[in-house]
Amino acid sequence: MKKLASLFCLIFCLFYAEGQPVNQQSGEPFPIRGFCISAPRSADLKNFIKFIEEELVPRKVNTLILRVDFNYQFKNYPKLRDSSALSEAEVRKLVAVCKKGNIRIIPQINLLGHQSWAGQIGNLLKVYPEFDETPYVKMPKEYEWPNPDGLYCKSYCPLHPGVHKVVFDLVDEVCNIFNANAFHAGMDEVFYIGHDSCTRCGGRDKAELFSGEVWAIRNHLNEKGRQLWIWGDRLLDGKTTGMGMWEASYNNTYRAVDMIPKDVVICDWHYERADQTPVYFALKGLTVVTCPWRMPDVATTQAEDMVRYRQNATPEMKERYAGMVQTIWSPASAFLKNFYEQSNASRVEYNTQENCFNVLYKTIKTLTPAP
Ligand SMILES: [Zn+2]
């Protein structure tokens with residue numbers, strides 16, 4: 001949790017990390033300065049901790065979304081662990097270094113969608129195939145898109161009577177071990193939802209199914225004083241906006257933007273244009289952070305926009321324009337390798353996630369907070 005005081009001594013207390021307020025930082029352009037990456041494997045932990053200490057802390061990154069999924073040695077569900085997964089002692093090292101650097105860790109497990117990737121089924125549906133929304137869709141030997149099944153990623157059925165017991169136990173365990181007061185549930189790119197073939201979901205309103213799942217996860221977290229973060233793409237209308245079926249929704253889940261609880265934080269990802277969608281989310285009463293990936297020019301505009309939104313907002317709206325989160329979509333090992341190679345290279349390739357991270361944080365340093 002961070003407190004932010006602007007140059008003009010306007011103080012916002014937005015969140016609490018580790019359950020404790022941390023020292024306020026003056027002069028930052030917006031409260032949340034984030035970084036999102038898959039949790040490192042054990043072999044990369046030392047290097048990752050070095051990166052946190054030497055790169056994230058000096059840049060005043062204060063929010064680390066760690067995509068853990070099954071890369072933790074879950075005690076309640078050992079069968080769901082990846083073959084190589086972080087131990088409790090290793091996670092405690094990560095927690096300690098982030099606490100020291102005033103970085104709030106938000107662990108992520110993909111819920112609802114992203115239960116498979118390419119031709120590989122994810123651990124949840126491997127162990128609990130009965131949770132599969134589309135069990136008749138078989139995983140292909142060689143995945144290609146498009147395909148006759150419209151298979152991008154598998155989903156679990158949000159109305160299966162057993163699914164929440166398992167996934168909420170995982171959520172609790174990962175939040176406990178990371179000492180987290182917020183959890184990121186993913187929930188992006190959900191193509192299989194309310195499928196006609198599902199005896200529970202078939203024929204139901206997809207926006208209601210999506211918002212029902214958001215409410216269920218949010219209420220579970222809320223009982224323990226934790227906050228829910230999700231990706232924003234399912235809440236945008238892909239057809240009307242022209243943003244398409246990945247960056248936005250083509251299956252009518254977008255109306256859920258008016259149904260979900262207002263205390264969910266939206267990670268609004270746009271990688272090729274600085275879409276003005278944070279205004280849309282903020283107008284709906286939702287707190288929003290903008291997430292770039294590998295185009296530094298887009299990230300720069302998005303960061304400048306975030307300051308402009310805050311400058312031209314009522315006090316009620318201003319708080320909802322919460323900041324920026326750089327996303328990394330390779331394994332942590334590949335990111336670290338490229339990042340350090342880039343740091344030592346005489347010529348840097350421009351549109352890479354490593355360079356985008358560097359440019360975004362250079363930009364943030366130059367921005368002046370809104371009065
Ligand atoms: Zn279903």
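The values are calculated or read from the model by the stated rules, or taken from the named source; none is laboratory data. Everything quoted here is computed from the prediction, not taken from an experiment. Because the Cβ atoms are built from the backbone with ideal geometry, glycine has one as well, and the counts that use them run over all protein chains shown.
Summed over the stretch 314-371, the residues that are farther than 30 Å from ALA85 by Cα, modelled with pLDDT of 95 or more and assigned to a helix (DSSP H, G or I) give a count of 12.
Of the residues ASP258, ASP169, ASP263, ASP205, the single one that is more than 30 Å from VAL91 (Cα to Cα), away from the ligand (no atom under 16 Å from the Cβ) and either surrounded by fewer than 23 Cβ atoms within 10 Å (Cβ to Cβ) or touching a residue at least 24 places away in the same chain (Cβ under 8 Å) (or both) is ASP258. Here the condition is being exposed (fewer than 14 other Cβ atoms within 10 Å of the Cβ), within 16 Å of the ligand (Cβ to nearest atom) and more than 30 Å from VAL91 (Cβ to Cβ); of PRO135, PRO161, PRO140, it holds for PRO161 alone. Only one of the numbered conditions (1) under 20 Å from the mean Cα position of the chain (by Cα); (2) more than 17 Å from LEU367 (Cα to Cα) is violated by MET306, and that is (2). Of the set (1) under 23 Å from GLU133 (Cα atoms); (2) crowded, with 21+ Cβ neighbours inside 10 Å; (3) touching a helix residue (DSSP H, G or I) at 6+ places or on another chain (Cβ under 9 Å), all apply to HIS184 but (3).
Okay, residues lined up against (1) of a type in the set (A, V, I, L, M); (2) within 21 Å of PHE178 (Cβ to Cβ); (3) under 20 Å from the mean Cα position of the chain (by Cα):
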{"residue": "ASN62", "(1), (2), (3)": "no, yes, yes"}
{"residue": "LEU66", "(1), (2), (3)": "yes, yes, yes"}
{"residue": "LYS75", "(1), (2), (3)": "no, yes, no"}
{"residue": "VAL95", "(1), (2), (3)": "yes, yes, yes"}
{"residue": "ILE105", "(1), (2), (3)": "yes, yes, yes"}
{"residue": "GLN115", "(1), (2), (3)": "no, no, yes"}
{"residue": "LEU125", "(1), (2), (3)": "yes, no, no"}
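Taken over the stretch 80-122, the criterion of being surrounded by fewer than 19 Cβ atoms within 10 Å (Cβ to Cβ), within 17 Å of VAL68 (Cβ to Cβ) and either among the polar types (S, T, N, Q) or touching a His at 6+ places or on another chain (Cβ under 9 Å) (or both) is satisfied by SER83, SER84, SER87, GLY122.
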